[in-house]
Every structure is written in C-alpha cells, then in structure tokens.
1. Being polar (S, T, N, Q), without any contact (Cβ under 8 Å) to a residue 60 or more places away in the chain and more than 21 Å from residue 43 (Cα to Cα) is the filter here, so list the residues in segment 87-121 that pass it.
2. Give me the residue from segment 155-188 that is in a loop (DSSP other than H, G, I, E, B), open to solvent by less than 90 Å² (accessible area, probe 1.4 Å) and small (Gly, Ala, Ser) and, out of that set, modelled with the lowest pLDDT.
3. Check every one of the helices (runs of 4 or more DSSP H) wholly within segment 1-87 and list those with 1 or more residues that are in contact with a Pro (Cβ under 7 Å, 6 or more places away or on another chain).
4. Does residue 88 fit the bill of being surrounded by 23 or more Cβ atoms within 10 Å (Cβ to Cβ), more than 19 Å from residue 167 (Cα to Cα) and either modelled with pLDDT of 95 or more or of a type outside the set (A, V, I, L, M, F, W, C) (or both)?
Amino acid sequence: NLSRMLGDADRAERYIGVALAVLADLRDTPWAERAASQVLWNRAGMVKDQGDLPEAKRQLLALIARQRAIAEASGSEESYACWPLVTLGAIEHCEGFLSVALEHYRASLDHAWRVGDSACSICALARIAGMAACAGRWQEAAGLFGAAEAHSDKAGYPFADTWNVTRTFGLPQGPTPLALRLAHLPISPPPPPPTLIPPPPTPPRNTSRP
C-alpha cells in the first residue's frame with residue numbers, strides 16, 4: 001500500500017502478487033481468505049487510481065461477490081467489506097451513475113455502521129451528503145455533513161481529510177464545509193435524510209466552564 005501511495009504501481013503490483021501467493025498457501029487458516037480480500041481491494045484501488053475504471057469496477061464486483069460468499073459460508077461478515085462498496089460507489093459517482101453510486105454508498109454505510117468501522121461510516125456519509133448538496137437538498141446536506149463531522153470528532157479523525165476528498169466529486173459551494181456555510185438554515189429538527197440511515201451517536205457536550 002505504501003508503494004501505491006508513492007506512485008510506484010509496478011512495485012505495488014509485485015508486492016500484491018507475493019502477498020496473494022503467500023495467502024493462497026495459507027488458505028486453510030481462518031484469516032487468510034479475509035486478508036486476501038484486503039489485498040485485492042488495494043489492487044482494485046490502484047487500478048482505479050490509474051484511470052482504468054472499467055477494470056477496477058470488474059475487480060471490485062468480483063471482490064464483493066467473494067466477500068459475500070465468505071460471509072455466507074462462515075456466518076460472519078468481513079469487517080472491511082464496506083470499503084470495496086464505497087470504492088465502487090466512487091467509480092459510479094465519477095461516471096455519473098448517481099443512483100447506482102448512492103446505492104453502493106448506502107450499502108457501505110449500512111455495513112460500516114454494523115461492524116463499527118468509523119472511518120468508512122464517515123466517508124460514506126460525507127459522499128451521500130455531497131450528493132444531497134449537488135441535488136439542491138441543502139438542509140439534508142447540512143445535517144448529514146454535520147453528522148459526519150461530529151462523528152469524525154468523536155472518533156478522532158480529521159474531518160478536513162474527508163471534506164477534501166468529498167470536494168473532488170464536485171460541490172456547488174466553495175471551500176468552507178457546507179455544514180458551516182449552511183448553519184443559518186433552520187435544520188432543527190432536520191428533515192429525514194435521503195437514505196434510511198441511523199444517525200451517528202451524539203457526542204457528549206463539554207459542560208466544563210473556563
């Protein structure tokens with residue numbers, strides 16, 4: 001993954017090949033199949049970053065089917081199965097298939113919420129919020145961005161990173177998060193979000209006085 005982040009795709013692919021070969025030899029161990037899924041997700045992400053969206057989509061669909069088969073056979077979901085879903089949603093989002101992208105984002109959020117993956121929950125929630133903003137659903141977007149930011153603060157993740165990635169998909173406003181730009185809107189109580197998702201838990205208020 002480090003080689004991929006550094007832009008050395010050839011080296012990253014060599015590491016991926018070695019990792020998959022080792023994991024294939026360990027396939028009788030209970031964790032090897034799940035570890036291989038993580039490696040395959042990295043490979044699909046690298047293909048996506050190189051711009052080959054059709055091939056990345058093909059790999060992700062195969063991986064999602066593989067993870068579902070593992071879950072059915074073992075009776076236990078893979079914790080990181082939410083990430084291929086959000087990556088597939090990102091590809092559909094880039095290609096303009098918004099309803100399909102939303103379906104994948106919702107599935108990713110649902111899975112991430114069940115298994116307690118805060119990072120993926122925040123990512124998927126922010127992507128859904130961005131889609132709501134682009135559709136002109138300002139109040140819903142503000143509420144969803146606010147929920148993602150609050151969840152980021154509680155989990156200890158910098159929301160600025162999530163915000164910067166979300167902006168690359170296109171937002172109708174400038175660099176200040178919509179959750180802040182739209183704070184003047186009457187969003188209490190907020191209207192129902194565009195998806196049936198559980199809201200993140202409300203972070204505890206700081207009741208200490210200076």
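1. Applying the first criterion (polar (S, T, N, Q)) to segment 87-121 yields 87, 99, 108, 118, 121.
If we keep only those that are without any contact (Cβ under 8 Å) to a residue 60 or more places away in the chain too, we end up with 87, 99, 108, 118.
Answer for segment 87-121, where residues must be polar (S, T, N, Q), without any contact (Cβ under 8 Å) to a residue 60 or more places away in the chain and more than 21 Å from residue 43 (Cα to Cα): 99, 118.
2. 183
3. Values: elements: 2-5, 9-25, 32-49, 53-74.
Filter on segment 1-87 gives 32-49, 53-74.
4. Numbers: surrounded by 23 or more Cβ atoms within 10 Å (Cβ to Cβ): yes; more than 19 Å from residue 167 (Cα to Cα): no; either modelled with pLDDT of 95 or more or of a type outside the set (A, V, I, L, M, F, W, C) (or both): yes.
So residue 88 fails the test.
The values are calculated or read from the model by the stated rules, or taken from the named source; none is laboratory data. If you're wondering where the values come from, they're calculated on a predicted model, not measured in any experiment. As a convention, Cβ positions derive from the backbone with ideal geometry for all residues, glycine included, and neighbour counts pool all protein chains shown. Areas reflect the complete protein model, heavy atoms only, side chains present, ligands, DNA and RNA absent. Shrake-Rupley method; radii C 1.70, N 1.55, O 1.52, S 1.80 Å.
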